[in-house]
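First the structure, in the form of structure tokens, and then the observations on it.
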Amino acid sequence: MPLVLGRTSEGKAFAMRDSCPHRGMPLSYGHFDGQTVECGYHGWRFDACTARCVEVPSLSSQDKLKVDRIFAGHYPCEERDGYVWVYMASRDRRAVDNSPDTRVPETGPDAPELPVFSKKYKITHLACELPSHVDQGIIGLMDPAHGPFVHQSWFWRSKHSIHEKQKQFEPIPYGFRMSPHSPSSNSAPYQLLKRITGEGVTTTIDFVLPNMRLEEIHSGKMWFSSRATVTPVRRDLCRIDFVAAWNLPFLPVFLFRMFGKTFLRQDQETMIKQAEGLKHDPKLMLIDDADRPAKWYFALKANLLESRRTGAKMEHPMTGPVTLRWRS
């Protein structure tokens with residue numbers, strides 16, 4: 001669903017359907033004066049926060065059209081952590097236009113907010129596109145075994161550092177959690193943090209439907225928090241959006257962005273190559289235990305869709321904590 005996003009002159013974010021109800025011209029090609037969006041075709045103007053039409057310039061004094069009953073359609077939205085989160089409640093993504101058959105809530109659930117643990121911190125954003133279906137992007141996002149092969153580097157790890165790992169996972173609403181644990185001994189940044197603080201390092205990783213991975217790293221008073229989302233653009237293209245915040249005094253933003261871009265580029269290049277193979281629709285397989293998170297994702301997604309279809313309570317594929325073992 002194409003959207004037109006912006007901020008009013010007061011700084012309030014808005015999200016409208018990017019289509020004029022007159023002739024379908026994308027409103028994003030029009031003009032915005034800080035309060036109203038003007039269509040570039042016939043000059044129809046719409047209040048940015050309600051999408052209600054406020055002017056049709058072509059109307060004469062003889063016309064009886066009630067302009068205030070025309071809506072372009074708007075969606076509740078909220079700005080957090082540098083992103084605008086848009087709530088599309090109805091199954092067919094119809095926007096709020098105040099007509100009886102299309103009315104949806106004016107407000108949605110609270111937008112996700114990146115956890116932070118001190119008043120002062122640095123924050124940055126990264127993004128890249130992946131030429132794959134969103135499901136492949138998501139299971140790649142939480143795959144625990146690709147690191148030594150995809151992310152080989154002097155500052156992270158190599159194939160020669162592979163060893164057996166054991167982590168506990170637990171169910172959480174609409175997702176699962178890799179319980180707090182000491183991170184991999186073959187990852188240099190964690191070892192550096194441990195030396196600097198003189199204390200142990202713990203990390204917790206959550207996956208939450210539909211597309212969100214959250215990670216927290218703590219060592220003494222120092223912390224690092226990140227969120228990655230994978231959003232479909234079209235059937236064969238998705239986008240990773242990554243935001244991270246931290247209070248590590250030795251990690252400037254430019255340095256983190258350099259390493260972060262390297263990581264995302266490695267993932268992107270891998271997905272570009274995988275897309276070549278997926279063109280031929282090969283038969284795929286998931287194994288235990290390294291692929292168990294992927295199995296949970298597909299089961300969670302299917303169970304949520306079934307719950308929405310039937311109105312029954314969603315069943316979680318995990319019945320309780322479980323320990324997984326793999327080599328990476």
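The values are calculated or read from the model by the stated rules, or taken from the named source; none is laboratory data. From a predicted model like this one, the values you see are computed outputs, not experimental measurements. Here the Cβ is made from the backbone with ideal geometry for all residues, glycine too, and neighbour counts use every protein chain on show.
Values for this structure:
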| quantity | calculated |
| --- | --- |
| Tally of residues being of a type in the set (A, V, I, L, M), in contact with a helix residue (DSSP H, G or I) (Cβ under 8 Å, 6 or more places away or on another chain) and within 15 Å of residue 151 (Cα to Cα) across the stretch 240-288 | 1 |
| Selection within the stretch 19-46 - in contact with a helix residue (DSSP H, G or I) (Cβ under 9 Å, 6 or more places away or on another chain) and among the β-branched types (Val, Ile, Thr) | 37 |
| Candidate set: the stretch 62-76, residues that are out of contact with any Ser or Thr (no Cβ under 9 Å at 6 or more places or on another chain) and part of a loop (DSSP other than H, G, I, E, B); chosen: the one surrounded by the most Cβ atoms within 10 Å (Cβ to Cβ) | 70 |
| Looking only at the stretch 116-126, and only at residues there that are in contact (Cβ under 8 Å) with a residue 24 or more places away in the chain and exposed (fewer than 14 other Cβ atoms within 10 Å of the Cβ), the one that is nearest to residue 266 (Cα to Cα) | 125 |
| Residue in the stretch 19-27 that is under 27 Å from residue 232 (Cα atoms), of a type outside the set (A, V, I, L, M, F, W, C), within 28 Å of the chain's Cα centre (by Cα) and at pLDDT 95 or above present | yes |
| Residues satisfying the stated conditions in the stretch 180-199, i.e. buried (at least 16 other Cβ atoms within 10 Å of the Cβ) and not in a helix (DSSP H, G or I) | 183, 184, 186, 187 |
| Residue within the stretch 274-297 that is touching a residue at least 24 places away in the same chain (Cβ under 8 Å), in a helix (DSSP H, G or I), touching a Lys or Arg at 6+ places or on another chain (Cβ under 7 Å) and aliphatic (A, V, I, L, M) present | no |
| Subset of the stretch 275-293 [farther than 25 Å from residue 167 by Cβ and either under 22 Å from the mean Cα position of the chain (by Cα) or of a type in the set (S, T, N, Q) (or both)] | 275 |
| Residue pairs meeting the criteria (Cβ under 9 Å; at least 6 apart or on separate chains; first in a strand (DSSP E or B), in the stretch 301-328; second among the aliphatic types (A, V, I, L, M)) | 324/178; 324/290; 325/290; 326/145; 326/290; 327/145; 327/162; 327/290 |
| Residues (buried (at least 16 other Cβ atoms within 10 Å of the Cβ), within 19 Å of residue 238 (Cβ to Cβ) and of a type in the set (Gly, Ala, Ser)) located in the stretch 265-304 | 275, 294 |
| Selection from the stretch 221-241 of residues that are outside any loop (DSSP other than H, G, I, E, B), of a type outside the set (S, T, N, Q) and either surrounded by fewer than 21 Cβ atoms within 10 Å (Cβ to Cβ) or in contact with a Phe, Trp or Tyr (Cβ under 9 Å, 6 or more places away or on another chain) (or both) | 222, 223, 224, 227, 228, 232, 233, 234, 237, 239, 241 |
| In the stretch 31-46, the residues that are in a loop (DSSP other than H, G, I, E, B) and either buried (at least 20 other Cβ atoms within 10 Å of the Cβ) or among the hydrophobic types (A, V, I, L, M, F, W, C) (or both) | 39, 44 |
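Conditions (1) assigned to a loop (DSSP other than H, G, I, E, B); (2) closer than 28 Å to residue 270 by Cα; (3) at pLDDT 75 or above, marked per residue:
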site	(1), (2), (3)
88	yes, no, yes
104	yes, no, no
114	yes, yes, yes
138	no, yes, yes
145	yes, yes, yes
148	no, yes, yes
154	yes, yes, no
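Matching residues to (1) touching a helix residue (DSSP H, G or I) at 6+ places or on another chain (Cβ under 8 Å); (2) loosely packed, with under 14 Cβ neighbours inside 10 Å; (3) among the β-branched types (Val, Ile, Thr):
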position: 48; (1), (2), (3): no, no, no
position: 51; (1), (2), (3): no, no, no
position: 54; (1), (2), (3): yes, no, yes
position: 60; (1), (2), (3): no, yes, no
position: 80; (1), (2), (3): no, no, no
